[in-house]
Amino acid sequence: MKIFPAELVKAIDQYTIANEPIASIDLMERASMAVTSKVMELYPESNQEFSIFAGSGNNGGDGLAIARMLSQQGYRTQIYFIQTTPSTTSDTAINLGRIVPSENLTIETLKPEAVIPYVTPETVIIDTLFGSGVNRPLDAFNKHMVEYINDSGCTIISVDLPSGLMAEDNSTNDPDAIIRADYTITLELPKLALLLPENEQYVGELSIVPIGLHPKALEGFPSNMHFITNEMASKMLYKRRKFAHKGTFGHCYLIAGSQKMLGAAILSSKACMKTGAGLLTTHIPAGLQTALNIAVPEVMIDQDSNTECFTQYSSITNYDAIGVGPGLGTNTTTIATLAQLLTDARRMPMVIDADGLNILAYNKELLKTLPKFAILTPHPKEFERLAGSWNNDIEKIERLYQFAKEHSAYIVLKGAHTIVASPDGRLWFASVGNPGMATAGSGDVLTGIILSLLGQGYSPEEASILGVHLHGLAGDIAAKEESQEALIASSIVDSIGRAFKFLWEIRNL
Ligand SMILES: NC(=O)C1=CN([C@@H]2O[C@H](COP(=O)(O)OP(=O)(O)OC[C@H]3O[C@@H](n4cnc5c(N)ncnc54)[C@H](OP(=O)(O)O)[C@@H]3O)[C@@H](O)[C@H]2O)[C@@H](O)CC1
Ligand SMILES: Nc1ncnc2c1ncn2[C@@H]1O[C@H](COP(=O)(O)OP(=O)(O)O)[C@@H](O)[C@H]1O
Ligand SMILES: [K+]
């Protein structure tokens with residue numbers, strides 16, 4: 001699924017109207033029906049009351065149609081139609097004409113000088129003041145309206161976008177002139193701004209509802225930004241051949257753990273095996289082998305001569321992929337050994353995480369020796385150490401593009417909606433995962449998953465995208481079973497199998 005700028009969303013909308021073909025008013029009706037279904041899923045009890053704030057653009061047209069549909073389903077619905085812009089769009093005017101006031105449905109038009117009516121906190125507000133047509137901070141009256149809605153104490157559902165939020169760059173926006181929604185129900189396509197951490201306060205819980213935009217337009221219109229879907233990830237899966245043997249699925253080499261952080265090596269190793277690697281050798285400091293072997297009996301062990309940290313390694317020629325970093329420490333001998341490894345492994349698939357990244361950040365000359373298409377998996381703080389700070393999320397994305405290009409590397413910037421950046425300027429945003437995964441060791445699990453995929457012959461691009469998706473899916477399955485609170489990194493490992501099964505079911509549909 002691609003992420004398009006607002007102008008292209010409009011063009012796709014027009015293409016659908018011309019080529020399905022469908023009248024634009026009918027497309028609006030279909031979109032409104034999809035949103036209404038989602039709202040009814042959130043509020044199945046028909047004694048819930050709704051107040052719909054509708055602007056005079058097409059987002060407001062959606063709002064009027066949604067109001068009509070909710071009232072027909074038995075919900076008491078009050079419309080406040082805001083007339084600030086001189087012209088009401090034609091589809092919005094048609095929907096205005098379709099409003100027949102009844103016991104369940106009332107409408108009041110508000111002009112700029114109007115006093116905004118009181119809405120009781122039990123009412124759910126549906127925000128359709130503005131959608132993707134906003135290209136500047138809202139004017140004074142609309143800002144006043146937004147502040148009133150934000151202060152109402154009501155649950156707020158925004159349609160398409162929280163009103164006032166621009167679809168991409170909000171660095172010059174007025175933060176007080178944007179709706180702070182509890183839920184955002186967006187139409188068919190995720191918009192960039194909805195996926196950025198700095199907009200969390202406005203977007204709330206995001207859902208995407210299909211409205212039947214034309215598949216040819218969705219496929220044909222260009223974009224370098226993508227949203228990773230189950231379908232996309234499931235298509236990437238390699239089928240295991242009948243006559244395969246363990247050598248077929250790669251021999252991975254994981255360099256992880258130190259005296260104080262053996263757990264990182266255990267979690268990465270387990271995740272690597274559970275993701276399907278044929279063989280895994282894990283390099284750990286001397287003296288820790290029993291603990292590792294008890295935790296993961298499937299793993300082979302390569303011991304360092306040092307009991308504290310990573311100071312040497314055996315020949316790497318037998319391995320298909322290398323993972324380095326989780327729990328490694330940043331001892332000076334470790335730095336020198338990693339520098340040597342990078343030079344030795346120039347042509348090998350590699351994933352670098354955690355202290356591996358910190359070592360690169362504090363010894364930037366090492367970045368020049370990264371193996372081509374190495375995968376780096378920083379969390380935002382680690383990425384900041386590597387690439388410098390940013391003032392807003394749009395700048396952060398710019399930094400990501402540049403860094404991936406400059407170092408011919410895949411960067412997996414972790415967080416909610418983890419972003420994978422490729423060296424040729426494409427980005428993929430994660431669609432799965434949950435805050436329960438913000439727990440110690442969860443990144444180590446991702447490293448193990450990506451290493452395993454690299455070892456099995458997945459390209460760095462596939463390993464990054466599929467790895468992020470499997471990790472997020474496993475986290476969601478674990479959270480559903482045990483709650484987000486009780487989810488620990490081991491729960492993610494335990495759910496990798498079910499994540500695979502889920503993707504195979506989709507693939508075989
Ligand atoms: N894409 C799809 O597939 C489908 C999309 N649909 C829906 O259409 C929505 C987009 O509709 P839209 O283009 O009419 O834009 P919307 O945001 O409602 O209003 C724009 C109006 O606001 C005005 N305005 C702008 N900024 C302002 C400001 N700062 N302060 C004050 N005014 C400002 C602007 O004025 P102008 O900039 O022209 O001066 C214009 O008059 C989309 O989000 C979705 O809900 C569905 O119905 C069907 C399928
Ligand atoms: N709020 C969140 N929503 C979704 N995923 C999250 C969230 N917070 C963290 N994660 C995921 O959990 C992992 C955390 O990795 P990291 O910060 O390296 O943890 P650690 O160093 O403890 O292993 C990443 O894959 C990240 O995407
Ligand atoms: K809106």
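Every number in this text was worked out from the coordinates using simple rules, so none of it is lab data. Everything numeric in this text was worked out from a predicted model, so none of it was measured. Note: ideal-geometry Cβ built from the backbone for every residue, glycine included; neighbour counts use all protein chains shown.
Some notes on this structure:
- Exposure proxy shown here: for Val134, Val100, Val115, the number of other Cβ atoms within 10 Å sets the order, fewest to most, as Val115, Val100, Val134.
- Exceedance of the 30 Å cut-off in Cα-Cα distance is limited, within the set Lys396/Lys501; Lys274/Lys364; Lys191/Lys480, to Lys396/Lys501; Lys274/Lys364.
- Relative contact order %, the chain, counting alpha carbon pairs below 8 Å whose residues are six or more apart: 12 percent
- Percent antiparallel among DSSP beta bridges (both partners in segment 243-508, rounded to 5): 25 percent
- Share antiparallel - DSSP beta bridges, the chain, percent rounded to 5: 10 percent
- Simple Cβ-charge dipole of segment 6-222, Lys/Arg +1 and Asp/Glu -1, about Cα centre, in debye nearest 20: 460 debye
- Using C-alpha pairs under 8 Å with a sequence gap of at least 6, the mean separation divided by the residue count of segment 440-509 gives a relative contact order of 33 percent.
- Summing Cβ point charges (Lys, Arg +1; Asp, Glu -1) relative to the Cα centre of segment 60-124 gives a dipole of roughly 100 debye.
- As a proxy for reagent exposure, ranking Ser71, Ser158, Ser223, Ser268 by other Cβ atoms within 10 Å from fewest up yields Ser223, Ser71, Ser158, Ser268.
- Over all pairs of different C-alpha atoms, segment 242-287 has a mean inverse distance whose reciprocal, the Kirkwood radius, equals 11.3 Å.
- Per-bin percent of Cα-Cα distances, segment 112-236 [5 Å]: 2, 10, 19, 22, 18, 12, 8, 5, 3, 1, 0, 0
- Exposed loop sites here mean GluC sites (Glu not before Pro) with a DSSP loop assignment and at most 13 other beta-carbon atoms within 10 Å; the chain contains its longest site-free run at 299-484.
- Under the span-like rule (Cα at least 30 Å along the axis, Kyte-Doolittle mean at least -1.0), DSSP H helices of the chain: 460-482
- With 0.36 nm allotted per residue and the present C-alpha distance subtracted, the Arg98-Asp424 stretch has 112.4 nm of extension available.
- Sites Thr317 and Arg507 - FRET efficiency at Förster radius 35 Å, r taken between beta-carbons, to 0.05: 0.50
- Whole-percent pair-distance distribution, where bins are 10 Å wide, for the alpha carbons of the chain: 4, 18, 25, 21, 15, 10, 5, 1, 0
- Diffusion coefficient, µm² s⁻¹, Stokes-Einstein with Kirkwood Rh over alpha-carbon pairs of segment 363-412 at 10 °C and 1.306 mPa s: 143 µm²/s
- Student exercise, segment 378-509 dipole from Lys, Arg, Asp, Glu Cβ charges, in Debye to nearest 20: 140 debye
- The fraction of all Cα pairs in segment 6-222 landing in successive 5 Å bins from 0 to the largest distance is 1, 7, 16, 21, 22, 17, 10, 4, 1, 0, given as whole percents.
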